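Chemist: Would you mind keeping the following structure in view while I ask a few things?
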């Protein structure tokens with residue numbers, strides 16, 4: 001009997017969570033596919049309030065726009081590596097190079113700098129730059145590095161301009177979302 005009650009309670013909570021997820025994200029407005037320099041394809045759905053990264057719906061997403069020759073972008077790499085390692089089961093870091101570095105050059109760049117998170121070239125970013133603009137008003141190429149944090153379920157929780165981009169600050173934001 002206890003098992004039956006547990007099953008009913010679990011089913012109710014699951015439906016309640018799904019209902020909250022649907023309310024938070026709203027209807028799908030557009031879909032695109034991005035491909036990392038390692039060949040992983042990720043479907044992304046844009047909603048009124050955020051982005052849903054298929055396969056990572058239960059994770060906090062750190063989505064960074066960066067330029068391959070941007071000094072500040074390079075200095076953020078060790079911090080993202082540490083955060084990805086610290087929260088490896090709970091977050092996914094995705095960095096999109098928005099200045100136009102080609103895929104093979106970007107793969108070499110990521111390998112040479114020891115990047116241990118997902119990197120996407122502008123050419124393989126689909127409509128992501130447009131999606132980011134629509135959500136926050138961010139202007140590509142001007143404000144990099146630029147970070148957007150999405151809660152589990154895909155709701156935009158915070159966008160972080162370059163002057164606020166410090167590891168301890170981002171770590172605190174992640175803790176709030178978990």
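Chemist: Using the 10 angstrom Cβ neighbour count as an exposure proxy, how do 82, 46 rank, fewest first?
Modeler: 82, 46
Chemist: Taking only Cα atoms, what is the 0 to 90° angle, nearest 10, from helix 71-86's long axis to the longest principal axis of the chain?
Modeler: Compared with the principal axis, the helix lies near 30 degrees.
Chemist: If you line up the long axis of helix 167-177 against the longest principal axis of the chain, both from Cα atoms, how many degrees apart are they, to the nearest 10?
Modeler: Taking the Cα atoms of the chain, the angle to 167-177 is about 20 degrees.
Chemist: How do 97, 45 rank when sorted from fewest to most other Cβ atoms within 10 Å of their own Cβ? Let's see the in-between values first.
Modeler: On the way: 97 29, 45 19.
So the residues, fewest neighbours to most, are 45, 97.
Chemist: How long is the gain from residue 176 to residue 31 if the chain were fully straight, where each residue apart is worth 0.36 nm and the alpha carbon distance is subtracted? The partial results should precede the final answer.
Modeler: Numbers: separation 145, 0.36 × 145 = 52.20 nm, distance 2.78 nm.
Residue separation times 0.36 nm, minus the Cα-Cα distance, leaves 49.4 nm.
Chemist: Would you mind computing, in nm to one decimal, how far apart the modelled labels at residue 134 and residue 104 are, each placed 7 Å from Cα along Cα→Cβ?
Modeler: Once both label points are built, they end up 3.4 nm from each other.
Chemist: Treating the angle as unsigned and between 0 and 90°, give the value, to the nearest 10°, between the Cα long axis of helix 2-25 and the longest Cα principal axis of the chain.
Modeler: The two axes meet at around 40 degrees.
Chemist: Can you give the Rg to Rh ratio of the chain, both from alpha-carbon atoms, with Rh computed by the Kirkwood formula?
Modeler: Values: Rg = 17.2 Å, Rh = 16.9 Å.
So for the chain, dividing Rg by the Kirkwood Rh gives 1.02.
Chemist: Which residues does a label at residue 82 reach in segment 152-178, if reach means a backbone N under 13 Å from a point 7 Å past the Cα toward the Cβ?
Modeler: 166-172
Chemist: Then there is this: Please report the relative contact order for the chain, taking Cα pairs under 8 Å with a sequence separation of at least 6, and give it as a percent rounded to a whole number.
Modeler: Values: 304 pairs, mean separation 47.0, N = 178.
Answer for the chain is 26 percent.
We did not get these values from a lab; they are worked out from the coordinates using the rules stated. Values in this document were obtained by computation on a predicted structure and should not be read as measured data. For neighbour counting, all protein chains shown are included, and Cβ atoms are generated from backbone atoms with ideal geometry for every residue, glycine included.
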